[in-house]
Structures are given as C-alpha cells and as structure tokens.
Amino acid sequence: MKISCVILTMGNRVAELDRAVESALTQDDGDIEVVIVGNGADVPPLSAQPLPGSDVKIVRLSHNSGIPAGRNRGVEECSGDVVLFLDDDGWYANTKLASHVRERFATEPDLAVISFRVMDPDGGVGQRRHVPRLRAGDPERSSPVTTFLGGACAIRRSAFLQVGGLPERFFYAHEETDLAWRLLGEGYRIEYDAETVMYHPQVPPTRHADFYRLNARNRVWLARRNLPWPLAALYLLDWMVLTLLRERSGLALRAWFKGFSEGLREPAGERRAMAWRTAWRMLRLGRPPIV
C-alpha cells in the first residue's frame with residue numbers, strides 16, 4: 001500500500017516547508033511520495049533530499065485557488081493508495097506514523113479517514129480545539145468522529161475520489177466536514193487516532209482576514225448541500241444562536257452575518273442530501289448534524 005503526502009504552500013515559509021518535507025521523507029518504512037502544491041506561488045528550493053524509493057513532485061498553480069482546490073490538485077498528481085495532508089508549517093512527531101497509518105488502512109477496508117492528534121511543539125494547552133468531537137477534554141483518547149482536520153489527516157484516495165473530493169467553492173473553512181459527511185453517507189468510518197501525532201504551532205483561526213465571513217457562508221453551503229431541509233434549518237439556527245452567544249465583537253458579527261447572507265444567495269454546488277440513517281448514525285457517534 002503506497003502512501004503519498006500532499007503539502008500546500010504559499011512559498012513564504014521556507015524553513016517550515018523544509019521541515020515538513022523532511023518529516024515525510026524520513027518515515028521509517030520509506031517509499032513516501034511527496035507532492036508539494038504551490039498555491040499561486042513558486043515552491044522554494046528544498047534542502048531535504050528524497051531517500052531511495054521516495055519521490056518529490058512539485059505542482060505550481062497560477063493563482064491561490066484555496067485550500068480545497070489545492071489539495072484536490074495534489075491528490076490528482078499523487079499515486080498513493082493513502083494520502084496524507086500536511087500544512088507547510090506542520091510536521092510529523094515521529095518516524096513511525098506512516099507505518100501505523102499503512103497498517104490501519106490495509107486491515108480496515110471501511111476506514112476512510114484518520115484524523116491526527118495535533119500538539120503544540122512548545123507545550124501549549126491548545127490541543128482541545130483540534131480534537132474533532134464535542135467532548136474534546138482528553139486529546140489522548142481515540143474515537144470515531146464525524147469530521148476531521150484537513151491539514152492533519154490521512155485519507156483513502158479511492159474513497160476521496162468516490163465522493164468527488166473537497167468542495168472547491170468553499171476556498172477555506174468546513175470543506176473537510178462536507179467531505180466527511182459524504183463519506184459517512186457511503187458507509188465509511190472516520191477515526192480520530194491519538195497515536196498519530198503531528199506538531200503545529202498554536203495559531204488562532206481568526207488570523208485569516210475573511211475567517212468570519214467564510215466560516216458563515218460555508219456553514220450555509222454545507223447545510224444546503226448535505227442536510228435534509230428540516231435538519232438544515234436546525235443546523236443553521238443552532239449556529240446562529242451559538243455565534244450570537246459566543247462572539248462579542250460587533251465587527252466580527254457583521255462579517256459573520258454578511259457571509260451567512262452570501263451563503264443563502266449564492267449557489268452552493270451540487271446538493272446530495274444525506275439519508276436519515278446517516279444522520280441517525282452521526283447522532284449515535286455523539287455529534288448529530290445540527291451542531
């Protein structure tokens with residue numbers, strides 16, 4: 001079972017990209033194909049060199065087409081049965097991650113995604129935000145989940161292609177959840193595996209200028225594309241109330257409601273509403289599709 005690693009970069013993190021590539025190339029079992037996607041940028045020269053049996057490909061996109069489109073292009077260029085997605089400022093904590101991932105996918109045919117445990121290399125306590133379940137108090141506990149972390153995961157390539165990959169119109173935010181819901185609808189499993197650890201510095205998601213607008217717009221698109229209409233209404237109402245309760249900044253709220261309005265007005269892409277049995281399965285997994 002061959003493993004590929006897709007790394008997105010904007011070309012502005014030279015040392016970090018080098019570290020990310022090296023952490024993929026130096027996995028114990030080798031034979032890791034690395035595909036670096038320059039998302040509207042040239043890929044800087046690397047000091048990390050491929051080991052025998054490994055391969056490094058570079059893909060340059062003419063403009064920044066967003067995270068989902070960049071990752072889709074990377075998957076198109078790779079040849080692995082399993083694809084690791086890695087941010088250019090992240091890296092793998094040890095050299096046994098690939099062999100663990102390979103073993104799990106080889107022996108569990110219904111497993112579509114492994115979501116990794118993200119740790120702060122400086123020992124910070126911000127791991128909770130990166131655990132893709134509601135009860136996130138113990139990041140060292142593995143469990144089935146209903147979504148995953150896009151820059152810290154391994155995914156079965158055939159399953160990824162079966163459901164059409166990541167929704168490119170999203171650009172940034174919630175594209176992984178859209179993919180996860182469609183995979184669950186096809187009967188696949190998604191697992192948060194605490195044994196698969198990657199390092200990533202703590203950075204607030206609000207660092208992105210359009211975070212609030214895209215977050216809201218894409219939640220609306222997520223509901224419109226995937227949920228039966230009664231659940232879509234509950235999901236959007238729930239997130240509207242949660243946002244009003246949590247957010248104190250008037251500027252952020254204006255941006256959020258602007259995005260919410262865009263999500264209602266603009267095309268969301270192909271609608272494939274999940275079956276009620278999928279929603280019931282998600283409820284049993286601890287996260288019904290209304291939150």
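Among the residues of segment 87-110, are any closer than 22 Å to GLY185 by Cα, without any contact (Cβ under 8 Å) to a residue 12 or more places away in the chain and surrounded by fewer than 20 Cβ atoms within 10 Å (Cβ to Cβ)?
Within segment 87-110, the first condition is being closer than 22 Å to GLY185 by Cα, and the residues that meet it are 104-110.
Going one step further and asking which of them are without any contact (Cβ under 8 Å) to a residue 12 or more places away in the chain, we end up with 107, 109.
Among the residues that remain, those that are also surrounded by fewer than 20 Cβ atoms within 10 Å (Cβ to Cβ) are: 107, 109.
Checked segment 87-110: at least one residue is closer than 22 Å to GLY185 by Cα, without any contact (Cβ under 8 Å) to a residue 12 or more places away in the chain and surrounded by fewer than 20 Cβ atoms within 10 Å (Cβ to Cβ).
Looking at segment 177-187, is at least one residue surrounded by fewer than 18 Cβ atoms within 10 Å (Cβ to Cβ) and modelled with pLDDT of 95 or more?
Yes, segment 177-187 has at least one match.
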Inset, instruction - Kindly indicate whether any position in segment 207-220 is assigned by TED's automatic domain parsing to the domain that holds THR9 and touching a Ser or Thr at 6+ places or on another chain (Cβ under 9 Å). - result: no
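Hey, any hits in segment 58-81 for a residue that's assigned to a strand (DSSP E or B), touching a helix residue (DSSP H, G or I) at 6+ places or on another chain (Cβ under 8 Å) and not basic (Lys, Arg)?
Step one: list which residues in segment 58-81 are assigned to a strand (DSSP E or B), which gives 58-61.
Narrowing the set further to residues that are touching a helix residue (DSSP H, G or I) at 6+ places or on another chain (Cβ under 8 Å) leaves 59, 61.
Next, only the ones that are not basic (Lys, Arg) stay: 59, 61.
Checked segment 58-81: at least one residue is assigned to a strand (DSSP E or B), touching a helix residue (DSSP H, G or I) at 6+ places or on another chain (Cβ under 8 Å) and not basic (Lys, Arg).
Output the residues belonging to segment 255-291 that are surrounded by fewer than 16 Cβ atoms within 10 Å (Cβ to Cβ), farther than 16 Å from VAL220 by Cα and either without any contact (Cβ under 8 Å) to a residue 40 or more places away in the chain or of a type in the set (Gly, Ala, Ser) (or both). Break it down into steps so the answer makes sense when it comes.
Step one: of segment 255-291, the residues surrounded by fewer than 16 Cβ atoms within 10 Å (Cβ to Cβ) are 258, 261, 264-267, 269-272, 275-277, 280, 283-284, 286, 291.
Now restrict to residues that are farther than 16 Å from VAL220 by Cα: 275-277, 280, 283-284, 286.
Within segment 255-291, ALA275, ARG277, TRP280, LEU283, ARG284, GLY286 qualify.
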Inset, instruction - Could you tell me which of the residues ASN218, ASN226 is under 30 Å from SER23 (Cβ atoms) and either touching a strand residue (DSSP E or B) at 6+ places or on another chain (Cβ under 7 Å) or not acidic (Asp, Glu) (or both)? - result: ASN218
Inset, instruction - Could you tell me whether segment 111-118 includes any residue that is surrounded by fewer than 23 Cβ atoms within 10 Å (Cβ to Cβ), in the same structural domain as ARG169 (by TED's automatic domain parsing), touching a residue at least 40 places away in the same chain (Cβ under 8 Å) and not in a strand (DSSP E or B)? - result: no
Legend entry - Matching residues, segment 54-83, being at pLDDT 95 or above, of a type in the set (A, V, I, L, M) and touching a Leu at 6+ places or on another chain (Cβ under 8 Å): ILE67, ALA69, VAL75
Inset, instruction - Give me the pairs, please: first residue somewhere in segment 143-167 and within 18 Å of PRO288 (Cα to Cα) and at pLDDT 95 or above, second residue anywhere and basic (Lys, Arg) and assigned to a strand (DSSP E or B), beta-carbon distance under 8 Å, and either six or more positions apart or on two chains. - result: PRO144/ARG189
Legend entry - Residue within segment 197-204 that is more than 19 Å from LEU8 (Cβ to Cβ) and in contact (Cβ under 8 Å) with a residue 12 or more places away in the chain present: yes
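For every residue, the table says whether it meets (1) out of contact with any strand residue (DSSP E or B) (no Cβ under 6 Å at 6 or more places or on another chain); (2) within 19 Å of ARG157 (Cβ to Cβ); (3) of a type outside the set (Lys, Arg).
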{"position": "ARG13", "(1), (2), (3)": "yes, no, no"}
{"position": "ALA20", "(1), (2), (3)": "no, no, yes"}
{"position": "ASN39", "(1), (2), (3)": "no, no, yes"}
{"position": "CYS78", "(1), (2), (3)": "no, yes, yes"}
{"position": "GLY90", "(1), (2), (3)": "no, no, yes"}
{"position": "LYS96", "(1), (2), (3)": "yes, no, no"}
{"position": "PRO109", "(1), (2), (3)": "yes, yes, yes"}
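The values are calculated or read from the model by the stated rules, or taken from the named source; none is laboratory data. Model, not experiment: these values are computed from the prediction. Cβ atoms come from the backbone with ideal geometry, glycine included; neighbour counts cover every protein chain shown.
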